[in-house]
Amino acid sequence: MFRMGAVTDDDKLDKEATRQVLRRAIGMAKPFRRTIFAALCFVLMSTLGLLLGPVIVRYGIDSGIDMKDTTTLRNAVIAYIVVVALAYLAARQQYIFINRAGEGFLRALRVRTFDHIQRQSLGFFDRYQSGVLISRMTADIESMAELVQWGLLQFVAAVFLIGLSLILMLSLSWQLTIAALLVMPVIIIASRKFQRDSNAAYLEVRERVGQNLSELQEGIAGVRVVQAYAQEKEQTRQFVASNRSLYQSHVHSIRVSTWYFGLVEALGIFSTGLAIGIGGWLVGRGDVTVGTVVAFVLLLAQLFEPVQQLSQLYNTVQSSAASLDKLFTILDTEPDIQGGSEELPERADLIVDGVGFTYPSTDTPVLRDVTISVADGERLALVGPTGAGKSTVAKLMARLYDPTEGTISFGGIDLRDATLGSLRERVVVVPQEGFLFGGSIADNVRIARADATDDELREALDAIGALDRFDAFEDGIDTEVRERGSRLSAGERQLVSLARAALVDPAVLVLDEATSSLDPGTEVIVEQALDRLMIGRTTIVVAHRLSTIQHADRIAVIDAGLLAELGTHDELVEIGGRYAALASAWAQSLPS
Amino acid sequence: MPAFDADHTTVSTWPLLWETLRAQRRNLLIGTMIGLAWSVGKVASPVLIRFGIDRGIRDDEMLWLWAGLIAFAGLFAGFFTAFRRFYAFREARWTETRLRERLFGHIMSLHIGYHDRAQTGQLMSRSSSDLNQIQMFVVMIPITLSNLAMISAVTVILLITDWQLALLAFASLPLIQVLGSRFSRAIHPAVLAVQAEQAELATVVEESVGGVRVIKGFGAERVQAEKLRTEADDIRRESIKAARIRAKYLPAMELLPQVGLIAVLWFGGNQVINGDLSLGALVQFNVYVALLVWPLRMIGMTIAFAQRAAAALGRVNEVLDIASQVRNPDHPVDLPTTGGAEPAAGFGDIAFRGVTFTYPTMASETETGGPVLDGFDLDMGAGQSVAVVGATGSGKSTVVRLLVRFYDVDAGSISIDGVDIRELSLHDLRRAVGIVFEDTLLFHDTVRANIAFADPAAGAERVEQAARLAGAHDFIMGLPDAYDTMLGERGFSLSGGQRQRIAIARAILADPRILVLDDATSAVDPSKEHEIRDAMATVMAGRTTIVIAHRPGTVALADTVVLLDHGRVIAWGRHDELLATEPRYRDVLAAMEQSDDEERRDLSDDVEATIGGD
């Protein structure tokens, strides 16, 4: 799947929000504080190494060269070598430690976010598009990797370098420090302006990139329509327009950084001129040595790069904060379906009592005051027109959602009071299509009960009459199903799905009638498997076919969110209501 | 604006870049010249620093002049570094922009057979990440050229000042470059490994979100959580591996110049003590060595970028190199017209003669292999309507795809109003045939633009008239912004039936002499089906129409029915005649009934998902 870079409003965090998000992130990084501390120590060491160089050069010049003392010069050189070697070792360690902490943090974030998403109810998955959830777990977390790998290190190192340079310069000569830093106010003002402008430009570019990608995708996806109406030129013209506006935003962002980089470079050399001018004057007065001036010149060469880095980092920090903020929004969503403490009995009646349901963030109820009691072992068919709410009834019976009014109980225990574990053991939903995960056939059946033994798996497959079919595969039930189960036919996927239910051996089976688009051969096998599975269980079928309905003990007709009719086939035909009309329409449409 | 030519081919990798850059050579040259000016400023400042120290400070001569000159050199270098950057980045973006437009135009013009096999994601990454890699290389061109100039100038100056010391100072610098290119080679696979692990994690997340009903139904959260932990651990492991590579090379590259500085301090210091070298010259050496670090490192980067850009260019070129297999004739013939106000009135004959066609083998279609159409014949007079009926895989949709030359026939011919369609320009052919596709694609644009797709210049009146004929006007007026409502993936979402009616309006506005309705009533709420049928009947009146029917209700719209089996016409006549005389026709209709039910069931799910989603 291609990831869209489109910017939404929550990509633009204000300063206060950014600060809050970062504070929370620091809180989350607590488990790694030792690694972070070690990393900071190494950063400090390697920065010190970088700064000691000019100091040693100064010592070499003033005490060695100027005094014509070769021994001192040699000592200075040896000291320099030692410092560089130590700095190298420290620098290696700083990378490793910072990354260890950062990757540990990202791993924890991945696991935590995923676990939290998994705890959510189906209602949550309805609210969030799957693409959004996937990009939270991938693109949003990955966008922080840059910060973790480079950003943090650069940030800390830059701050240390600037701070230590200042201390060092002050200790060498306060007069020269002032002289050299005369340009600082300009740099600071310019950096702040650059930060603001470049951030705006960066967001603009991201938004245009997103739009451009959408146009591109739309063009490719719609190429048949485009060609059928001979609109290639027009489509390209529109694409060019979007592409040019992307180009313009790139140019704008280049312009924003252009003057800033030029200015920083100019001021860097400019301040060297100042240091030499004023330094020379101070040397003449005898206030400082030549070595000090040289050390200043060398220090200044190192000082301006970190300033530049800091202002560029702001974009990275800000976009990471935006990503984190989106993740926190998910982490702050409390799951609305949580387990109770009671164990459900092995077998019992399932009672739907005065149930109403309204999807979150809508006003119109999908179901109103539905009451059905399903006896243990009964087979109930739910029938009704499109969108009448029959699937919703089925989902409520398995507590995939909670009713907004009324209760659903099993053996007198409200489903909301039951432990999720015992609920999933008693009530199993078989979805319309057999959804397969990566892994083998056995792995896929085991999804239903992680602790099942191989024998139990085989029993479950055998119970629905599918074992022979899969044993005939080269690797038997250990055959890899490949992506989305493409190795298996639709019917075989359905069999896996049914085997899962058989493995759990539930009291209640909820079926969303599952025979769509199967080839005639497997269709029979799937139907037989289904029949075997239903034996001795309470079954609720969301039915679309007359044959299924005819096999049911009772039929519930749901219309416009209400239970319109409830009874056996004969009873309902007798009444001559909606079901009777439906049944006769069905009968007529069948080919004679 | 660049020209888009479907037949543009045979550009191999580097000539493609060369050709692209040639158009920008003026600005690239300016960028390089500016870079040269910058390097003058950069090179001058250490010399000035040396004079500042030797003459200004030590000899106390004209100190302020030297200081002033250094400051000036700074402003000079700063000014030009800014412009170099501006030109380099802007030109690189321009290269990217133009290549993307060329690629898009080319993709739009490629035959549908290509698109059947191509993956959208692949084409997307050609036009985004691959072009970005090329862009990153183009940025480096003016920068590297002026860096090279600077490196040579510095080398010459240092050699003149003191060649022994110069060699000493430079000894470590080539190492930086070596390390740089080694680093690129080592880090690239490591980064790819991280990306591969990220993709595996994405797969786990995707299946967990997609299969959430299964997971919730069986309480299998823990199984997926375990999988995710494994993948998260893998990402961490690979990332730390990459970090170790960075740890190995980056600090070394950063500190190597210091080795040169140490050597300069030791030997140069001794020379100063002996009076062979001035202190200023020593500092100058130091500053120069520091100055060369970045340009040298960048040359390493440029090489790595060039390698990546070459690979990206190769991939882009692969797409550009494909010539459309459906080509415009060299000397297109015009379709006959009346020459009056309604030029196409009374026209619209179609003749399929012995048409045979086999799809090029595709990974996704396993059952094919033989010809889809095998000696297919069909004659239609102007204004006639025909329903093409057949089981799945009988070839009925292929008939339409051949008619608009999405593919070319393998044998036989198709002609419209007596002209072989291969002699018509693609534009004329496709404007003569209007298709309402099975799956209605709406663009992210207004309702108006979606209807006026065939003729963007169409006025509001024509759009509204088309919408009225298609029975779409009333619901459009009920949309938040009526005809200005945005549609498409990120816009207002319409029901299946509403989408179909927009598609029909789109075909009406195109005013083709031949209309094709490819099962235009699937995925429509049954209660709305008759409305669509009414709309279709209105449009079909007096126009040659082919209906590809998948359900009985649509079949009844046409004058005659053609029953297709294994790529051949096996029966032909009126609906009721066939129903009475042809058992195979009854079988096909019965099968339609069945799948019809299933589609409706799928639909009922859609409706609930929509309700739940909002």
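The values are calculated or read from the model by the stated rules, or taken from the named source; none is laboratory data. Computed from a predicted structure; not experimentally measured. As a convention, Cβ positions derive from the backbone with ideal geometry for all residues, glycine included, and neighbour counts pool all protein chains shown.
Worth a mention:
- Residue that is buried (at least 20 other Cβ atoms within 10 Å of the Cβ) and within 30 Å of residue B:271 (Cα to Cα), where the choices are B:166, B:77, B:153: B:166
- For segment A:342-352, the criterion of being crowded, with 16+ Cβ neighbours inside 10 Å and within 14 Å of another protein chain (Cβ to nearest Cβ) is met by at least one residue.
- Against the criterion of being more than 14 Å from chain B (Cβ to nearest Cβ), touching a Gly at 6+ places or on another chain (Cβ under 8 Å), assigned to a loop (DSSP other than H, G, I, E, B) and touching a residue at least 60 places away in the same chain (Cβ under 8 Å), residue A:388 does not qualify.
- Checking each residue in segment B:108-127 for being under 15 Å from residue A:216 (Cα atoms) and more than 9 Å from chain A (Cβ to nearest Cβ) picks out B:119, B:122, B:126.
- Matching residues, segment A:237-254, being in contact (Cβ under 8 Å) with a residue 12 or more places away in the chain and of a type outside the set (A, V, I, L, M, F, W, C): A:238, A:242, A:243, A:245, A:249, A:250, A:252, A:253
- Residues of segment A:215-238 satisfying the condition of being of a type outside the set (Phe, Trp, Tyr) and either in a loop (DSSP other than H, G, I, E, B) or more than 7 Å from every other protein chain (Cβ to nearest Cβ) (or both): A:215, A:222, A:230, A:231, A:233, A:237, A:238
- Within segment B:224-241, being more than 9 Å from every other protein chain (Cβ to nearest Cβ) and more than 19 Å from residue A:146 (Cα to Cα) holds for one residue alone: B:230.
- Checking each residue in segment B:272-286 for being within 13 Å of residue A:61 (Cβ to Cβ), facing another protein chain (nearest Cβ under 10 Å) and not hydrophobic (A, V, I, L, M, F, W, C) picks out B:280, B:286.
- Which numbered condition residue A:70 misses (of (1) more than 38 Å from the chain's Cα centre (by Cα); (2) surrounded by fewer than 18 Cβ atoms within 10 Å (Cβ to Cβ); (3) more than 7 Å from chain B (Cβ to nearest Cβ)): (3)
- Residue match in segment A:33-40 (condition: modelled with pLDDT under 85 and among the small types (Gly, Ala, Ser)): no
- Sole residue being within 9 Å of chain A (Cβ to nearest Cβ) and buried (at least 17 other Cβ atoms within 10 Å of the Cβ), chosen from B:201, B:179: B:201
- In segment A:333-340 there is no residue matching the filter, namely being hydrophobic (A, V, I, L, M, F, W, C) and either touching a Pro at 6+ places or on another chain (Cβ under 7 Å) or in a helix (DSSP H, G or I) (or both).
- Leading residue by the ranking (nearest to the other protein chains (Cβ to nearest Cβ)) among those in segment B:208-217 that are buried (at least 22 other Cβ atoms within 10 Å of the Cβ) and of a type outside the set (A, V, I, L, M, F, W, C): B:217
- Given (1) small (Gly, Ala, Ser); (2) facing chain B (nearest Cβ under 9 Å); (3) crowded, with 17+ Cβ neighbours inside 10 Å; (4) outside any loop (DSSP other than H, G, I, E, B), number of the condition residue A:460 does not satisfy: (2)
- Residue B:252 surrounded by fewer than 21 Cβ atoms within 10 Å (Cβ to Cβ) and under 28 Å from residue A:294 (Cβ atoms): yes
- Residues in segment A:284-304 that are buried (at least 23 other Cβ atoms within 10 Å of the Cβ) and facing another protein chain (nearest Cβ under 7 Å) were compared, and the one that is nearest to the chain's Cα centre (by Cα) is A:297.
- Residue check for residue B:191: more than 7 Å from chain A (Cβ to nearest Cβ), modelled with pLDDT under 90, assigned to a helix (DSSP H, G or I) and surrounded by fewer than 22 Cβ atoms within 10 Å (Cβ to Cβ): yes
- Residue tally, condition within 7 Å of another protein chain (Cβ to nearest Cβ) and polar (S, T, N, Q), over segment A:239-283: 3
- So residue B:56, is it more than 43 Å from the chain's Cα centre (by Cα) and more than 21 Å from residue A:183 (Cα to Cα): yes
- Segment A:123-149, residues that are touching a residue at least 60 places away in the same chain (Cβ under 8 Å), farther than 20 Å from residue A:333 by Cα and of a type outside the set (Gly, Ala, Ser): A:144, A:146, A:147
- Selection status of residue A:248, buried (at least 23 other Cβ atoms within 10 Å of the Cβ) and of a type outside the set (Phe, Trp, Tyr): no
- Among (1) of a type in the set (A, V, I, L, M); (2) more than 9 Å from chain A (Cβ to nearest Cβ); (3) closer than 23 Å to residue B:540 by Cβ - the single one residue B:487 does not satisfy: (3)
- Options B:176, B:112, B:134: the member that is under 40 Å from the mean Cα position of the chain (by Cα) and at pLDDT 85 or above: B:134
- Filter result for the condition that a residue is assigned to a helix (DSSP H, G or I), outside the structural domain of residue B:95 (by TED's automatic domain parsing) and in contact with a helix residue (DSSP H, G or I) (Cβ under 7 Å, 6 or more places away or on another chain), over B:242, B:309, B:290, B:304: B:242
- Just one of the numbered conditions (1) of a type in the set (D, E, K, R); (2) more than 7 Å from every other protein chain (Cβ to nearest Cβ); (3) closer than 28 Å to residue A:87 by Cβ is not true of residue B:244: (2).
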